[in-house]
Structures are given as structure tokens and as C-alpha cells.
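The values are calculated or read from the model by the stated rules, or taken from the named source; none is laboratory data. This one's a predicted model, so the numbers in the text were calculated from it and none came from an experiment. All Cβ positions, glycine included, derive from the backbone under ideal geometry; neighbour counts span all protein chains shown.
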Amino acid sequence: MEKKIAIVSGASSGMGAECVRQLAAAYPGLDRIWVIARRKGRLEQLAKEVPVPLKIFEADLSRKKEYAALRRALEEKQPQVRFLVNAAGFGKIGSFEDLDEDDACGMAQLNVTALTRLTHVVLPYMAAGSRIIQFASSAAFLPQPGFAVYAASKSYVLSLSRALGRELAPRGIRVTAVCPGPVKTEFFDIAEQGGNHIPFYKNLVMADPVAVVRKTLRDAEEGRAVSVYSLRMQAFAVAAKVLPHGLFLPLFRPESRKAEAAPEERRTHLLHAGKHVPEAGADGEPKE
Ligand SMILES: NC(=O)c1ccc[n+]([C@@H]2O[C@H](COP(=O)([O-])OP(=O)(O)OC[C@H]3O[C@@H](n4cnc5c(N)ncnc54)[C@H](OP(=O)(O)O)[C@@H]3O)[C@@H](O)[C@H]2O)c1
């Protein structure tokens, strides 16, 4: 029997996995938690840890066809989804032009399209009292040179969540956008893969994922539209709302290695990308 369930994406690590642990502990009335990620082994390990049975979906959520098993299971079981947690997401640090094309588009596919698709697929199975928890980020508050696609994708999540919350209020479904600052998870292992590192100060203010998720679930329970962990990040959210964004933008490091590269190195890069580039003279200007 799996009448009352929670569905959690990004459940194989970090805050998604922690949501599963805390939901299982705080809501023993859940018959099952459906968990989604690509690393099945991690999900199987999590299933051994928690007191509520898990149903495992091994899926790359950035591919539409990988939702088939989930759609089938929803149609077949007709569950009441009490919680939908969209935690799957990733970011890669680096200037836009340094980013690998697939990484840049992949962030939009997972953070924006997959979150939208999963919410759309699951919503018909939610009713009054259900909660949707969307992991945005404090990066949603401002454009971020050097992390531009990620910040833009999270602005989308925040905007969508707030509007969706208004649309669903008459049905008694609450939507919470979660906007933490840096949190100590595997997120930064992936974010720094391109060789660009987060600013040093962010390492000093890393939040504990257990505490962030505790606040997230409390805020979702209370029906808050936005959950921001820590006074520091709450102050940042207010500052980003009241001050012109132009004041903040020069503070970010754009991290553009290609823009700073020597003219000949830059020309080689563009030629590799299949573009015609005139040879550079000694002054760095094109010879033609
Ligand atoms: N950590 C931070 O500082 C921070 C701050 C603010 C917001 N956030 C946001 O919070 C959410 C959770 O992040 P986290 O810190 O817990 O990161 P994390 O530990 O790296 O977890 C990311 C999760 O997303 C899943 N995922 C990645 N690509 C996927 C794909 N194509 N299909 C399905 N699942 C995929 C991963 O599972 P598999 O690899 O097994 O697929 C993993 O379970 C993300 O949306 C992130 O953007 C993080």
C-alpha cells in the first residue's frame, strides 16, 4: 500500500538525501518515499538508513524519456503526494564563454526544465495540505557574473515558485522556494570541476545541510513562500531587493580565462570552435 507518499529528486546526496532522512523521521504517516537520481547505489544505501520504505527511480531528469517509469508508477498507484521536493540541480563556476556548452545548457535543462517537468507531472496527484519544496538558491537574488547561468536558472525557480504558490493557494497546496547560501555538500565538487574555485570567504560561511533542511521543512510546514537559512543570507536577500543590482555586480569575479588569454591563444580557441578569426598582429589587433 502506498497511498501517502513523498517524492524527492536529487535524493542521492546533499540536501535531497537529507530531506529524505528528515521526512522519514518527522512524518511516519508516509507509506513510502519515492526517490530519484542517477546513482542507484546511493539510493539503495539510503533505503537501508531510513525507517520509511523507499521506491527507487534511477533517472537522468534532464532527459524527457526517463520520466516514463515515474509517470507509469503514478498512473498505476494513484498515490496522494504529500511532499514534492525538487532538489536535483547543479552549477558550474566560470564565465559564460569559458563554460563547456553542454554544461551551460545542462544547468538550464536540469535546474529549470526538469524542475518544471517534474512539478507538472506530479501536481495532479497533490491535494490540500500537500507541500512543494523547490530548491532555488541565494544566487536567485542577483545576476552573478562568473556563475551566470546557474544564478539565472535559480531566479527562474524562485519566480516560478512564488507565482505557482499563488495559483495553488486556493487548492491548499503550499509552495516553498528554498534559497540558502553556500551549503557543505558535493555541490562544490561539481561546481569547481572546470578549475574555477568559489571565493575563499564562501568556505568560511558554509552552512550545515542538516540545519538547512530542518529549517526548510519547518518553513514548508508553515506554508512560507521562501525559506532563507541564516541571518546573514536573510540580510543579503533584503539588500539585493532594496539596492540597485548594479552596485553588486562589480563585486563578482567573472573568472574569464578565455577573455584574459593572450590574443594568439584566444584565436586558437575560436578556430577550434570552427570560427574564422584573422591572425593577430603584435599589438593584439587583427592583421587583416
Ligand atoms: N550546496 C549549495 O551550496 C547550494 C546552495 C543553494 C542551493 N543549492 C541547490 O540545492 C539543491 C541540492 O544541492 P546539493 O547541495 O544537495 O548538491 P549535491 O549534493 O550535488 O546533490 C545534487 C543532486 O542532484 C542530482 N542530480 C544531478 N544531476 C542530475 C540529473 N541529470 N538527473 C537526476 N538527478 C540529478 C544528484 O544525483 P545523481 O548525481 O546521483 O544523479 C544529487 O542527488 C540543488 O538544486 C542546488 O542547486 C545548493
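Observations on the model:
- Taking residues in segment 14-39 that are assigned by TED's automatic domain parsing to the domain that holds residue 80, and partners anywhere that are basic (Lys, Arg) and surrounded by 24 or more Cβ atoms within 10 Å (Cβ to Cβ), not one pair has Cβ atoms closer than 8 Å while being at least 6 places apart or on different chains.
- Any hit, segment 115-125, residues being farther than 20 Å from residue 37 by Cα and either in the same structural domain as residue 16 (by TED's automatic domain parsing) or in contact with a strand residue (DSSP E or B) (Cβ under 9 Å, 6 or more places away or on another chain) (or both): yes
- Screening segment 24-41 for residues that are within 15 Å of the ligand (Cβ to nearest atom) and among the hydrophobic types (A, V, I, L, M, F, W, C) and picking the one that is nearest to residue 68 (Cα to Cα) gives 36.
- Among the criteria (1) more than 10 Å from the ligand (Cβ to nearest atom); (2) closer than 18 Å to residue 16 by Cβ, the one residue 156 does not fulfil is (2).
- Between 141, 187, the distinction of being within 18 Å of residue 99 (Cβ to Cβ), in contact (Cβ under 8 Å) with a residue 60 or more places away in the chain, among the aromatic types (Phe, Trp, Tyr) and out of contact with any strand residue (DSSP E or B) (no Cβ under 6 Å at 6 or more places or on another chain) belongs to 187 only.
- Close pairs (8 angstrom Cβ cut-off, 6 or more residues apart or separate chains): within 11 Å of residue 11 (Cα to Cα) in segment 44-56, of a type in the set (Ser, Thr, Tyr) and surrounded by 13 or more Cβ atoms within 10 Å (Cβ to Cβ) anywhere: 46/12
- Among the residues making up segment 204-230, a single one is without any contact (Cβ under 8 Å) to a residue 12 or more places away in the chain and either over 24 Å from residue 174 (Cβ atoms) or touching a His at 6+ places or on another chain (Cβ under 9 Å) (or both): 204.
- From 3, 48, 64, 40, residue being surrounded by fewer than 16 Cβ atoms within 10 Å (Cβ to Cβ) and closer than 20 Å to residue 127 by Cα: 3
- Candidate set: segment 183-212, residues that are near the ligand (Cβ under 9 Å from one of its atoms) and part of a helix (DSSP H, G or I); chosen: the one nearest to residue 93 (Cα to Cα): 191
- Selection of segment 79-113 for residues being in a loop (DSSP other than H, G, I, E, B) and either in contact with a Leu (Cβ under 7 Å, 6 or more places away or on another chain) or outside the structural domain of residue 27 (by TED's automatic domain parsing) (or both) yields 88, 89, 90, 92.
- Unique match (being within 15 Å of the ligand (Cβ to nearest atom), modelled with pLDDT of 95 or more, in the same structural domain as residue 99 (by TED's automatic domain parsing) and outside any strand (DSSP E or B)) among 169, 140: 140
- Flag if residue 192 is among the acidic types (Asp, Glu) and at pLDDT below 95: yes
- Odd one out for residue 131, checked against (1) charged (D, E, K, R); (2) within 20 Å of the chain's Cα centre (by Cα); (3) more than 25 Å from residue 169 (Cβ to Cβ); (4) more than 13 Å from the ligand (Cβ to nearest atom): (3)
- Matching residues in segment 100-148 - criterion: being over 22 Å from residue 4 (Cβ atoms) and of a type in the set (Val, Ile, Thr): 112, 113, 116
- Criterion: over 14 Å from the mean Cα position of the chain (by Cα) and more than 13 Å from the ligand (Cβ to nearest atom) - qualifying residue of 104, 73: 73
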